[in-house]
Structures are given as structure tokens and as C-alpha cells.
Amino acid sequence: MDTQFVTFSDTASQPGGASEQDAALLDAYSTTVVSVAKKVSQSVVQIKVSGRTTANQESRNPGPPQRRAPGGGDADGGTGSGFIISTDGYIITNNHVVAGATKITVSLPDSRDYEATLIGRDPSTDIAVIKIYADGLKAIRFTDSKQVQVGQIAIAIGNPYGFQYSLTAGVVSALGRTLRSESGRLIDDVIQTDASLNPGNSGGPLVNSSGDVIGVNTAVILPAQGICFAVSSNLTALVAGKLIMHGRVRRGYLGIGGQLINLTERIKQYNQLTAKTGVMVASVEPDGIAGNGELMQGDIIVSFNGHPVTSVDDLHLLLTDDTIGQKIPVTILRQNRQKAITVTPGEMK
């Protein structure tokens, strides 16, 4: 009896076969990632900080236990990542990377080390800007994060666990997330990705397939895998610009303590309101930096400058730098009846 052998080599090597198509796709993906690595890696830096006090330790890991910023370091120091945004030495990183540090050292990909100057930091968005004075710097550019789409390639470059200039790749998992910053405010328009982040990745860039920044890596969910977050490029660019120009981000301040309160159907119908909640004034700081004399404890804020207020986060979002020193109309419920008053926000220190 004749023996016959079965082989699959002919099928796999046929022109247009599935394996060739898969190989072509894999090659295209690999080529894209390699190209981005070459373009971006010279703009990514390692940041080492020292001189933290005990009071500053929590700033390195803000948030509840299930969400941690991917920073790292020893008892009085830390490490993180950053990226160069201008050839004259401006670098973006996370606030929690540099907060409380007395010395900031930047290591460039060519092994040069420079002591950096803190230009400004914003705990409310976890963004900070530092500067070094060096020659031959290569900057990376931002792209419009509004054009980012779920499913597109997302590439993170940083220094996890001290392993310099490491790259991880994944996709954009979701858009429009929010994160609670260490200041208590919400960070809006956060990008979720499954590109792996580890301690030391904080402050590094999240880039697209063209090597342009779409976000700044800032937090991971523990113990979940593949759930990481980045502050969007549009918000980062806005905050960084203000930090470079003014050293801080100005925000309005009302000088009140507020808490969420549910509105009954009767109150809503009587006052012709559609929102289900408002912000009850729990306390008022008299004679402070804000003109809040018309507010009383127990008032419920339902509108600020013509915009509905349904939570403390809504109020934070509306207290922009444009409201500082301006007389702003506010609608409150006092003894369950609508009343129009005026406040003058001060500047939050």
C-alpha cells in the first residue's frame, strides 16, 4: 500500500493566502510602531526628583486605592517621565511627579543630565511644566484630541520601573472619561487606553500612529489590567500654555462649602426646574476673597451665570478664570422658592 503524506505548505504559500495577508498586516503594524518609536523617543525624558517631605508622599499616588498614578521612587524621591514640547527646553510631565520636590533632574536619551526649573503645576489636571537649558533638543507636537477615535492605535513611551525609553502599544479604549484629581476637581475629556502603564510612566506621552501627542499618561486602575488613562492633548496644551505664561492656572472661587442635594418633584414643578439635583450651601466664608454676601447657609444653587448647576463638579467647571472679579448672576432656592442673587468669585489660591 502506498503511503501518502499531507502537507500544508503549499496552501500557506499561495499568493493571496490568509497567512500572507496576516503577515502583510503585521508588517504594516510593526512598521508603524517602529516609525513612531524612532520619531518620538528622542523627545521623551526621564525625570528624577528628590527632597520630598513626608507631607508630600501622597501627592505621588493621588486617588483612591483602586486608582493610582503610575509614579515610582524611594522614600524622599521619585521617578517619572516627561516629553519636550519646545526646542528651548519646556517639558510637560504630571503634577504628582514633581509635587513637593526640592530638586528635579532630567535625563535625556543621549545620557545628558540637567537640573530642571519648575515653571508651574496644576493639581486640578495633574499637569506640570518644567524647563531645562540644553542644546540640540527635539520637540514633539500635539494633535487635536477631538479627532481621536475609539479603536485607533495608541502608543505610550516612558520609563517604567526605571527602564528608560520603554514603549508599549495598544488602542484607544474609550473617550470622554473623567478622573478625580488630588485637588478634588474632575479632570474632563480623559482618554482610556489599554497601552500598558507602570510606575515610572507618569507624565510620558500617549501618541498616535503619526507620532503626535494625543494625551499625557497619568493613571491606572488597580488591580485591573489594560485600563489606563491619559489627560487629553487639548486640555494639556491649554493648561501648559497658562503655566508657561503665568506660572499657574487661574480659577474662580466662591468661598463656600457645598453638597449635592436631591430636589423633590414638588419643588421642581413649583419652580419649573428640570434638573433633579442642586448644590446646597453648607457653609459660607464671610469677608473672604469672594463676594458671596448674598449667599446663606441652606441655599440651593441651581444656576450659575445662566448655566444649570446639578453638582459641585458643575460649579467647579463654571468657575473659570473669566469669572474672577466679575459680578455673576446666580439662581438659588431659598425656602423652596427661586431667588436671583449676584456673586463675585475671587481667585482660588
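Miscellaneous remarks
- Folded to 0 to 90 degrees: helix 233-246 orientation relative to the chain principal axis, Cα: 60 degrees
- Each of the peptides 174-181, 218-225, 191-198 was scored by the mean count of other Cβ atoms within 10 Å over its residues; in descending order, highest first, they stand as 191-198, 218-225, 174-181.
- Helix axis angle, 18-40 relative to the chain longest principal axis, alpha carbon, degrees: 60 degrees
- In this structure, residue 19 and residue 296 have a Cβ-Cβ separation that, at R0 = 56 Å, corresponds to a calculated FRET efficiency of about 0.15.
- Taking the stretch 252-347 and dividing mean pair separation by its residue count, relative contact order in percent (alpha carbons under 8 Å, at least six apart): 32 percent
- Note on the chain: helix-only mean residue ellipticity at 222 nm, from DSSP H runs of 4+ residues weighted -39500 (n - 2.57) and normalised by residue number, equals -5000 deg cm²/dmol.
- Alpha-carbon Rg/Rh ratio, for the chain, with Rh computed the Kirkwood way: 1.11
- Spread of Cα-to-Cα distances over 5 Å intervals beginning at zero, given as percent, for the stretch 252-347: 3, 15, 27, 28, 17, 7, 3, 0
Here, each number is a calculation from the coordinates, and none is a lab measurement. This is a predicted model, so every value here is computed, not measured. Cβ sites come from the backbone with ideal geometry, for glycine too, and all protein chains shown count toward neighbours.
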